[in-house]
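Below is one structure, written out as structure tokens, with a few remarks after it.
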Amino acid sequence: MKSSYITILACAAIMTGCTNTGDIRIPKVNLPTNSTASTQAAPVSSTHQAFDLPTAISIAEAKTGGVAVNLEVYHGHGGGAYEIETITATHEYTVLIDARSGDVLSIDQEYDVNVLPNVNLRLKDALIIAQNAQAGVVREVDLERKVTGSYYEVKIDGAHPYELHIDAANGQILSSRVDYDD
């Protein structure tokens, strides 16, 4: 429901020519930026998208002062959008970014006391690892937090729809499988 609401707001903003989210004051939170994963790869992007995903993630994190935990790619007329969820200790943000220009279309802020993820691997690093492991177009990345540890679930559309699980502590691919469930 929240995702649909954001999409509707973004469409309304695009139709009215509004691309400015206004002066939103967002608290800064110092978060770890270290990662043990190799992040050398060609820019990761989605089909028909001119703006690469790692840069979009960096924009969302900079705008909110949070750490990115989820990503969804929307395709559509006009080029599509990236919806990136970030969290801080006190807020959850949903940032909608135009996939062609990189403009921030909207920022939805909710008060939510969060336990910040204690992970070594950032979302954009998991994105690159997945793209290097499996050819195709990334459509969704989610940080899953379990008692046994955290991992990123990455969904890729390629010759077949794939789902990869990447350990958020060390970047190791835990599983890779064809996923026709969606």
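Read the figures in this text as sums done on the coordinates, not as results from a lab. What you see is a predicted model, and the numbers here were worked out from it, not measured in a lab. As a convention, Cβ positions derive from the backbone with ideal geometry for all residues, glycine included, and neighbour counts pool all protein chains shown.
Working from label points 7 Å from Cα in the Cα-to-Cβ sense, the residue 90 to residue 111 distance is 0.9 nm. Backbone phi angles across the range 105-114, fed through the Karplus curve with coefficients 6.51, -1.76 and 1.60 (θ = phi - 60°), yield HN-Hα couplings of 8, 6, 10, 9, 10, 10, 6, 7, 6, 10 Hz in residue order; Gly and Pro are listed as x. Take the alpha-carbon centre of the range 129-182, take the same for the range 77-127, and report the distance between them in whole Å. Here the two parts' Cα centres lie 18 Å apart.
So what is the relative contact order of the range 123-178, in percent, for Cα pairs below 8 Å that sit 6 or more residues apart? 27 percent. If you bin all the Cα-Cα distances of the range 60-164 at 10 Å, starting from zero, the percentages per bin are 15, 43, 34, 7, 0. In this rough spin-label picture, where each label sits 7 Å from Cα along the Cβ direction, the residue 58-residue 170 distance is 2.9 nm. Only aspartates and glutamates eight or more places from residue 155 in sequence, or on another chain, were considered; those with a Cα closer than 14 Å are 72, 140, 142, 144, 163, 179, 181, 182.
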